[in-house]
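A.B. asks: Dropping the structure in here first, questions after.
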Amino acid sequence: MSRSPLQQVARALALATAVVLSGLSMAPVADAAAPMVKTQAPGFYRVMLDNVEVTALNDGTIELDADKLLHEPPAKTDAALARSFLKSPVTTSINAFLVNTGSRLMLFDTGTGGHFGPTNGFLLTQLKAAGYAPEQVDDVFITHSHGDHVGGLARDGAAVFPNAVVHAGKADIDSIASKPDSPFAPYAAAKHLQPIESAGEVGPGVRAWPTPGHTPGHVSYVVDCHGQPLIIIGDLIHVAAVQLDDPSVTIEFDSDPKAAEAQRAKVFAQAAKDGAVIAAAHLQFPGLGHLRANGAAWTYLPLNYAR
Ligand SMILES: [Zn+2]
């Protein structure tokens, strides 16, 4: 039996509808799977503190064997990490901070320079992604001379920040000055190196606050953001999941653990009292937030997000 043209169109439409409907219900989602990208967004995070622009730059991460490095029984570390849904080794951020006051561009710490494996060494990438060039940096303030803080200062013996004056604790400069590949060397040769020996102004609105303990020349910095202090604390804390709840726990990297513990207590108490924003090298990126006392422990409150 032959169908009329109208019947043929109706049948074709019915078939097409059936195909579409079966496609909707039957097609497995995986048919359209896109490959996973797995890389992060550019690692910078910007915030205005009053009229001072603060940009956290993530140099990358490093795996910390917290259960071996912290000065407490490994089982205690493991239990504390488990309470924060973590385990050893702990993926740990390496943060540096760029502060633009409008008249000066200041960088606090410089990351690893890629000397600590493939998961870090991205400071310059982040600096450029954040809209700046290394030549624009006026001052580099170093918290201490460990490789994850000074590794990005120099490359192949040349200054990475050619127009910057570098400020660092004298004891830490001296501790590596004799090394042939000291990252301070090109700055010293250019007379762009300013050792810090005591507390005081080291730039407009920037005060050095020597906090020896983690290293003999460890320096914290207080930036006055018009009444809202920003304290760059360097390595006063490494493993938040352990050391916020029990600030007496020190780490193998502390050259004088007792002093390191005392400096943490002093700076954290001041930050909490003043309502200061802390900028921490190893709290999870961006490492910017407030501290609130909680008995003998500390609660860390990451800054609220703002576009
Ligand atoms: Zn460090």
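The values are calculated or read from the model by the stated rules, or taken from the named source; none is laboratory data. From a predicted model like this one, the values you see are computed outputs, not experimental measurements. Glycine also receives a Cβ, built like all others from the backbone with ideal geometry; neighbour counts cover every protein chain displayed. Quick note on the areas: whole protein, heavy atoms, side chains included, nothing else; ligands and nucleic acids left out. Shrake-Rupley method; radii C 1.70, N 1.55, O 1.52, S 1.80 Å.
A.B. asks: Beta carbons within 10 angstrom, averaged per residue: use that to sort the peptides 114-125, 216-227, highest first.
C.D. replies: Ranking, from highest mean packing down: 216-227, 114-125.
A.B. asks: Between their Cα atoms, which of Lys191/Lys266; Lys38/Lys273; Lys76/Lys128; Lys68/Lys179; Lys128/Lys273 are more than 31 Å away from each other?
C.D. replies: On the way: Lys191/Lys266 34 Å; Lys38/Lys273 41 Å; Lys76/Lys128 41 Å; Lys68/Lys179 29 Å; Lys128/Lys273 35 Å.
Long pairs (Cα-Cα over 31 Å): Lys191/Lys266; Lys38/Lys273; Lys76/Lys128; Lys128/Lys273.
A.B. asks: Shifting gears a bit: Please grab the % of Cα pairs in region 159-307 that end up more than 19 Å from each other.
C.D. replies: That tail contains 56 percent of the Cα-Cα pairs.
A.B. asks: What angle, in degrees between 0 and 90 and rounded to the nearest 10, separates the Cα long axis of helix 74-83 from the longest principal axis of the Cα atoms of the chain?
C.D. replies: With both axes taken from Cα atoms, the answer is about 50 degrees.
A.B. asks: Hey, another quick one. Which percent, to the nearest 5, of DSSP beta bridges fully inside the chain are antiparallel?
C.D. replies: 75
A.B. asks: Here is a further query. Would you mind working out the accessible area per residue for the chain, using a 1.4 Å probe, and quoting it in Å²?
C.D. replies: 50
A.B. asks: Next question. Collect residues whose amide H, placed 1.01 Å from N in the peptide plane, falls under 5 Å from the amide H of Thr215; neighbours closer than 5 in sequence don't count.
C.D. replies: So Thr215 has HN proximity to Ser255.
A.B. asks: Starting at the first residue of region 157-174, write each ³J(HN,Hα) from the Karplus equation 6.51 cos²θ - 1.76 cosθ + 1.60 with θ = phi - 60°, in whole Hz, x for Gly and Pro.
C.D. replies: Karplus-based 3J(HN,Hα) across region 157-174 equals x, 10, 5, 6, 10, x, 9, 9, 8, 9, 10, 7, x, 4, 4, 6, 4, 4 Hz.
A.B. asks: Then there's this: Got a number for carbon plus sulfur as a percent of region 240-287's accessible area, 1.4 Å probe? Walk me through the numbers on the way to the answer.
C.D. replies: Working: 980 of 1820 Å².
The C+S portion of the solvent-accessible surface of region 240-287 is 54 percent.
A.B. asks: Order 142-155, 264-277, 73-86 from most to least packed using the mean count of other Cβ atoms within 10 Å.
C.D. replies: Ranking, from highest mean packing down: 142-155, 264-277, 73-86.
A.B. asks: To the nearest Å, what is the center-to-center distance of region 62-140 and region 146-162, using C-alpha atoms only?
C.D. replies: A separation of 15 Å, based on Cα centres.
A.B. asks: Magnitude of the Cβ-charge dipole of region 139-200, K/R +1 and D/E -1, about the Cα centre, nearest 20 debye?
C.D. replies: Computed about the Cα centre, the dipole is about 120 debye.
A.B. asks: Multiply the residue gap between Ala188 and Met48 by 0.36 nm, knock off their C-alpha separation, and tell me the result in nm, one decimal place.
C.D. replies: That works out to 47.1 nm of additional length.
A.B. asks: Here's something else I'd like to know. Can you give the local net charge around Leu244? Use residues other than it whose beta-carbon is closer than 12 angstrom to its beta-carbon, Lys and Arg +1, Asp and Glu -1. It would help to have the intermediate numbers written out before the result.
C.D. replies: Values: positive: Arg83, Arg264, Arg292; negative: Asp245, Asp246.
Taking every Cβ under 12 Å from that of Leu244, the sum is +1.
A.B. asks: Which order, highest average first, do 281-291, 188-198 follow once you tally other Cβ atoms within 10 Å for each residue and take the mean per peptide?
C.D. replies: Ranked from most to least packed, the peptides come out as 281-291, 188-198.
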